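The values are calculated or read from the model by the stated rules, or taken from the named source; none is laboratory data. Since this is a predicted model, take the numbers as computed values, not measurements. Positions of Cβ are backbone-derived with ideal geometry, glycine not excepted, and every protein chain shown enters the neighbour counts.
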Amino acid sequence: MSAPEVRTLEATPVGPYRLPTPAENTKLGIWVWLASDCALFAALIATYVSMHGHVGHAPTPQQLFDLPLTATATFVLLLSSLTMGLGLEAAQHGEHQRLMRWLVVTMILGLAFVGLQAVEFTTYVHRGLTPDASNFGASFFTLVGFHGLHVTFGVAWLLSIFIFVVRKGPLGPRDLWRLEAASLYWYFVDVVWVVIFTVVYLLGKVS
Amino acid sequence: MGIGGPQLHTGPEPRPAGRAVGTTRVHLLVAILLAALTIVAFVSVGGHLLPVGWLIPLLLVLAAAQVCMQLLYYMRLKWDRRIFALLFGGGVALAVLIVLAVHAMLSL
């Protein structure tokens, strides 16, 4: 008696068509998630835009924002996108050591960004802006803090991949989607920061 | 029309997961352009180089250019399946509607 046929989730030809691979399904899921996250950030940004003039007795955005510090954080995050891309490229070429180095650099840059954000928040609190000081304070800390949580989660995700590689060995072609999914998330966080930097900080200084 | 199976994928053959599409040169070039646009935005605001009426549209255009570059080259939408771009475009469209709705609601 012959063994029953076992169908895997690999790309299976069906006539001229084919079933999606798990990697493609994961990627589709990531894009759906990012699209929904986009809507979430939109709600927070819209709330901030509507509330940034409601300062009460707290400092205004013009008095408060420290553009050089925020610009430094922006460059750190932009640089982390570059290092993430270089790490992904190294993985695609099977250069294990180079991937590990770029992953570490990306995580350090992510942590540096979160650290700069912590410095910024502490400074603002000392200057009198707390989440309960005004509608501006509440919407500002919610929006920027939510983004900071995203960066922190991204660092944790990259760390999980780093540990995966340390324990299981170099990423093979079947595992590359893990890194590709994490890189999409990381870039998305950077994209959102570009919007926040412009709408909150630059336009906040101007308007 | 195919015979003998459901129509699951009719688009072009997708880029296999993990295949290299962006080179170091492309990554570096995009990173330099992103940094340059950020510097232009920062200097424009910090140096009070333009009247506010010009500055606000300039900043929005610079941000839009940066977002597009990141989506196309870093997030690889330029090379990937169109469905991903459509999905994300849908998310952005929804985001714009949410911004308008929330802003209108809170401005009442």
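Considering only the range A:84-96, state which residues are under 21 Å from the mean Cα position of the chain (by Cα) and either more than 9 Å from chain B (Cβ to nearest Cβ) or not in a helix (DSSP H, G or I) (or both).
Matches in the range A:84-96: A:Gly87, A:Ala90.
For residues that are within 17 Å of A:Trp102 (Cβ to Cβ) and of a type outside the set (Asp, Glu), scanning just the range A:165-181, find the one that is nearest to the chain's Cα centre (by Cα).
Taking the range A:165-181 first, the residues within 17 Å of A:Trp102 (Cβ to Cβ) are A:165-166, A:170-171, A:175-176, A:178-181.
Next, from what is left, pick out any that are of a type outside the set (Asp, Glu): A:165-166, A:170-171, A:176, A:178-179, A:181.
Values: A:Val165: 21, A:Val166: 23, A:Pro170: 24, A:Leu171: 22, A:Leu176: 19, A:Arg178: 15, A:Leu179: 14, A:Ala181: 11 Å.
Within the range A:165-181, the match that is nearest to the chain's Cα centre (by Cα) is A:Ala181.
List the helices (runs of 4 or more DSSP H) inside the range A:97-207, counting only whole elements, that have at least 2 residues being over 21 Å from B:Leu59 (Cβ atoms). Lay out the reasoning, then the answer.
On the way: elements: A:135-168, A:176-196, A:203-206.
Hits in the range A:97-207: A:135-168, A:176-196.
Take A:Ser134 and tell me if it is small (Gly, Ala, Ser) and without any contact (Cβ under 8 Å) to a residue 60 or more places away in the chain.
Details: small (Gly, Ala, Ser): yes; without any contact (Cβ under 8 Å) to a residue 60 or more places away in the chain: no.
It is false that A:Ser134 is small (Gly, Ala, Ser) and without any contact (Cβ under 8 Å) to a residue 60 or more places away in the chain.
Just to be sure I understand, how many residues within the range B:69-85 are surrounded by 13 or more Cβ atoms within 10 Å (Cβ to Cβ), in a helix (DSSP H, G or I) and not hydroxyl-bearing (Ser, Thr, Tyr)?
Number satisfying all stated conditions: 7.
Just give me the residues in the range B:97-108 being at the interface with chain A (Cβ under 7 Å from one of its Cβ atoms) and exposed (fewer than 14 other Cβ atoms within 10 Å of the Cβ), in sequence order.
First, the residues of the range B:97-108 that are at the interface with chain A (Cβ under 7 Å from one of its Cβ atoms): B:98-99, B:102-103, B:106-107.
Across the range B:97-108, the qualifying residue is only B:Ser107.
Test of understanding: among A:Ala43, A:Ala3, A:Ala35, A:Ala73, which residue is over 29 Å from B:Gly90 (Cα atoms) and at pLDDT 90 or above?
Details: A:Ala43 fails: over 29 Å from B:Gly90 (Cα atoms); A:Ala3 fails: at pLDDT 90 or above; A:Ala35 fails: over 29 Å from B:Gly90 (Cα atoms).
None of the other options fit; the residue is A:Ala73.
Examine the range A:59-73 for a residue that is over 23 Å from the mean Cα position of the chain (by Cα), outside any helix (DSSP H, G or I) and not basic (Lys, Arg), and state whether such a residue exists. It would help to see each step written out before you state the result.
So in the range A:59-73, the residues over 23 Å from the mean Cα position of the chain (by Cα) come out as A:59-64.
Pick out the ones that are also outside any helix (DSSP H, G or I) and you get A:59-60.
Going one step further and asking which of them are not basic (Lys, Arg), we end up with A:59-60.
Taking every residue of the range A:59-73 in turn, at least one turns out to be over 23 Å from the mean Cα position of the chain (by Cα), outside any helix (DSSP H, G or I) and not basic (Lys, Arg).
Under 9 Å by Cβ, and 6 or more places apart or on different chains, what pairs join a residue from the range B:82-108 that is in contact (Cβ under 8 Å) with a residue 40 or more places away in the chain with one that is surrounded by 15 or more Cβ atoms within 10 Å (Cβ to Cβ) and assigned to a helix (DSSP H, G or I)?
Listed by first residue and then by second, the contacts come to B:Ile83/A:Leu28; B:Ile83/A:Trp31.
When the residues of the range A:177-207 are filtered to those that are under 17 Å from B:Ala35 (Cβ atoms) and in contact with a Leu (Cβ under 6 Å, 6 or more places away or on another chain), which remaining residue is surrounded by the most Cβ atoms within 10 Å (Cβ to Cβ)?
A:Leu202
Would you be able to say whether some residue in the range A:44-58 is without any contact (Cβ under 8 Å) to a residue 24 or more places away in the chain, touching a helix residue (DSSP H, G or I) at 6+ places or on another chain (Cβ under 9 Å) and more than 7 Å from chain B (Cβ to nearest Cβ)?
no
Limited to the range A:65-116, what total is found for residues that are in contact (Cβ under 8 Å) with a residue 24 or more places away in the chain and of a type in the set (D, E, K, R)?
Number of matching residues: 1.
Of all residues in the range B:72-82, how many are within 14 Å of A:Glu180 (Cα to Cα) and within 9 Å of chain A (Cβ to nearest Cβ)?
Of the residues in that region, 5 qualify.
Among the residues of the range B:42-55, are any closer than 23 Å to A:Tyr185 by Cα and not charged (D, E, K, R)? Spell out the reasoning first.
Looking only at the range B:42-55, we keep the residues that are closer than 23 Å to A:Tyr185 by Cα, and these are none.
No, the range B:42-55 contains no residue that is closer than 23 Å to A:Tyr185 by Cα and not charged (D, E, K, R).
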